[in-house]
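Here the structure comes first, spelled out in structure tokens, and everything after it is commentary.
The values are calculated or read from the model by the stated rules, or taken from the named source; none is laboratory data. Predicted model only: the values in this text are computed from it and were never measured. For neighbour counting, all protein chains shown are included, and Cβ atoms are generated from backbone atoms with ideal geometry for every residue, glycine included.
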């Protein structure tokens, strides 16, 4: 899921040492670099105003990526040395594939969301990645999430995102996805890890949460959820302050309260620190901050929400943090075995499971142990 800025620097230095005149060599595509060149050549013919010689391209690694590596490609035009086009090349993370999400579904979602005007346009696909429209915006930082104005815009954009109509069924996916991840985690884990994380008991917890949250949460509005709304997946145009939500690997229909809960949990993270796997739950938003976000979320429809609706969604989101902890705890176990990124997934999982057990009794009014 996460890619530290240092990883980009190491990759860049590694490829700069190579004496290749091909600037595209800076993009580490092990599967088929030629397929990327074909996509770019097709775009150059389509646009007609850019240099056809791909050696003129400039490649710059971008920060804020997650599972993938992303690069800004600057493309000089033929008639004006000062004019250029930009595209974004996204290289899919190795070792993840369909184990955590379905890449075909993610591409379909990307195309539909783009048609709704919520994200960049898909310009082309190649073996191991894709080429996207470059958005003139910056990725948010961990501290940006605490900015009152930025947070209000994120809340409004999330409400809009939840209204996207993705073709297909609208079944809640979170519970079945966790059960599938649990099966994969069990198949990958050493006996020691399986015992440490109590994997034999997790299915009971998933079933319990599904039953209890369905019964207790009164504001079960199902929407198309991002499911991974951390700061690296949110961009802001500093000229217009427009918010864009990006990266839809885990997007699916789920209760909106779950998406909000997951966003609150992500405020404990800083994936660009020296210890990106460490979560600081003293940074989890207090009630006033959570209430403000939910008020902005509900009022973005143009109608002032009543106190009862705000309170109910506030309570529902608090309960759904339990689902978020289990979800990403399982994700971390699997990623530790299949993802090659420099990140302490095991410790990350420990923290998420610890938070689940710490708050289970507090957030659920009744349950069967």
Residue check: is residue 279 within 20 Å of residue 226 (Cβ to Cβ), part of a helix (DSSP H, G or I) and out of contact with any strand residue (DSSP E or B) (no Cβ under 8 Å at 6 or more places or on another chain)? no
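Let's see how each residue does on (1) surrounded by fewer than 17 Cβ atoms within 10 Å (Cβ to Cβ); (2) assigned to a helix (DSSP H, G or I):
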residue: 207; (1), (2): yes, yes
residue: 212; (1), (2): no, yes
residue: 215; (1), (2): yes, yes
residue: 220; (1), (2): yes, no
residue: 223; (1), (2): no, no
residue: 229; (1), (2): no, no
residue: 235; (1), (2): no, no
residue: 238; (1), (2): yes, no
residue: 241; (1), (2): yes, no
Test each condition in (1) in a helix (DSSP H, G or I); (2) out of contact with any helix residue (DSSP H, G or I) (no Cβ under 6 Å at 6 or more places or on another chain); (3) surrounded by 16 or more Cβ atoms within 10 Å (Cβ to Cβ) for residue 357 and report the one that comes out false. (3)
Let me confirm something: among 195, 154, which residue is at negative phi, in the same structural domain as residue 258 (by TED's automatic domain parsing) and in contact with a strand residue (DSSP E or B) (Cβ under 7 Å, 6 or more places away or on another chain)? 154
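Is at least one residue of the stretch 294-303 within 23 Å of the chain's Cα centre (by Cα) and part of a loop (DSSP other than H, G, I, E, B)? Walk me through it before giving the result.
Taking the stretch 294-303 first, the residues within 23 Å of the chain's Cα centre (by Cα) are 294, 296-298, 300.
Among the residues that remain, those that are also part of a loop (DSSP other than H, G, I, E, B) are: 300.
Among the residues of the stretch 294-303, at least one is within 23 Å of the chain's Cα centre (by Cα) and part of a loop (DSSP other than H, G, I, E, B), which makes the answer yes.
Being surrounded by fewer than 20 Cβ atoms within 10 Å (Cβ to Cβ) and modelled with pLDDT of 95 or more narrows it down to one of 320, 284, so name that one. Show your work before the answer.
Working: 320 fails: surrounded by fewer than 20 Cβ atoms within 10 Å (Cβ to Cβ).
None of the other options fit; the residue is 284.
Only one of these is closer than 12 Å to residue 226 by Cα and buried (at least 20 other Cβ atoms within 10 Å of the Cβ): 158, 145. Name it. Before you say what the answer is, go through the steps one by one.
Working: 145 fails: closer than 12 Å to residue 226 by Cα.
Answer to the check: 158.
Tell me whether the stretch 184-201 contains one or more residues that are part of a helix (DSSP H, G or I), under 23 Å from the mean Cα position of the chain (by Cα) and surrounded by 15 or more Cβ atoms within 10 Å (Cβ to Cβ).
Looking only at the stretch 184-201, we keep the residues that are part of a helix (DSSP H, G or I), and these are 184-188, 191-196, 199-201.
With under 23 Å from the mean Cα position of the chain (by Cα) added as a condition, the list becomes 184-185.
Add one more test, that the residue is surrounded by 15 or more Cβ atoms within 10 Å (Cβ to Cβ), and what stays is 184-185.
Yes, the stretch 184-201 contains at least one residue that is part of a helix (DSSP H, G or I), under 23 Å from the mean Cα position of the chain (by Cα) and surrounded by 15 or more Cβ atoms within 10 Å (Cβ to Cβ).
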Hey, any hits in the stretch 336-344 for a residue that's in contact with a helix residue (DSSP H, G or I) (Cβ under 6 Å, 6 or more places away or on another chain), within 23 Å of residue 183 (Cβ to Cβ), modelled with pLDDT of 95 or more and in a helix (DSSP H, G or I)? no
Unmet requirement for residue 271, which otherwise passes all of (1) assigned to a loop (DSSP other than H, G, I, E, B); (2) surrounded by 19 or more Cβ atoms within 10 Å (Cβ to Cβ); (3) in contact with a strand residue (DSSP E or B) (Cβ under 9 Å, 6 or more places away or on another chain); (4) at pLDDT below 95: (3)
Test: residue in the stretch 24-40 that is within 19 Å of residue 119 (Cβ to Cβ), modelled with pLDDT under 80 and surrounded by 14 or more Cβ atoms within 10 Å (Cβ to Cβ): no
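Hey, any hits in the stretch 104-117 for a residue that's in contact with a helix residue (DSSP H, G or I) (Cβ under 7 Å, 6 or more places away or on another chain) and either modelled with pLDDT under 90 or within 24 Å of residue 241 (Cα to Cα) (or both)? Explain how you work it out, then say what you get.
Residues of the stretch 104-117 that are in contact with a helix residue (DSSP H, G or I) (Cβ under 7 Å, 6 or more places away or on another chain), as a first pass: none.
Scanning the stretch 104-117, I find no residue that is in contact with a helix residue (DSSP H, G or I) (Cβ under 7 Å, 6 or more places away or on another chain) and either modelled with pLDDT under 90 or within 24 Å of residue 241 (Cα to Cα) (or both), so the answer is no.
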Taking the stretch 304-335 and keeping only residues that are closer than 29 Å to residue 212 by Cβ and not in a helix (DSSP H, G or I), one is left with 305, 306
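Give the residue, chosen from 258, 253, 297, that is crowded, with 23+ Cβ neighbours inside 10 Å, closer than 25 Å to residue 310 by Cα and in contact with a strand residue (DSSP E or B) (Cβ under 8 Å, 6 or more places away or on another chain). Talk me through it step by step, then tell me what you get.
On the way: 253 fails: crowded, with 23+ Cβ neighbours inside 10 Å; 297 fails: in contact with a strand residue (DSSP E or B) (Cβ under 8 Å, 6 or more places away or on another chain).
Exactly one of 258, 253, 297 is crowded, with 23+ Cβ neighbours inside 10 Å, closer than 25 Å to residue 310 by Cα and in contact with a strand residue (DSSP E or B) (Cβ under 8 Å, 6 or more places away or on another chain), namely 258.
Let me confirm something: among 117, 128, 163, 124, which residue is over 17 Å from the mean Cα position of the chain (by Cα) and free of Cβ contacts under 8 Å to residues at least 24 places away in the same chain? It would help to see each step written out before you state the result.
Values: 128 fails: free of Cβ contacts under 8 Å to residues at least 24 places away in the same chain; 163 fails: free of Cβ contacts under 8 Å to residues at least 24 places away in the same chain; 124 fails: free of Cβ contacts under 8 Å to residues at least 24 places away in the same chain.
It is 117.
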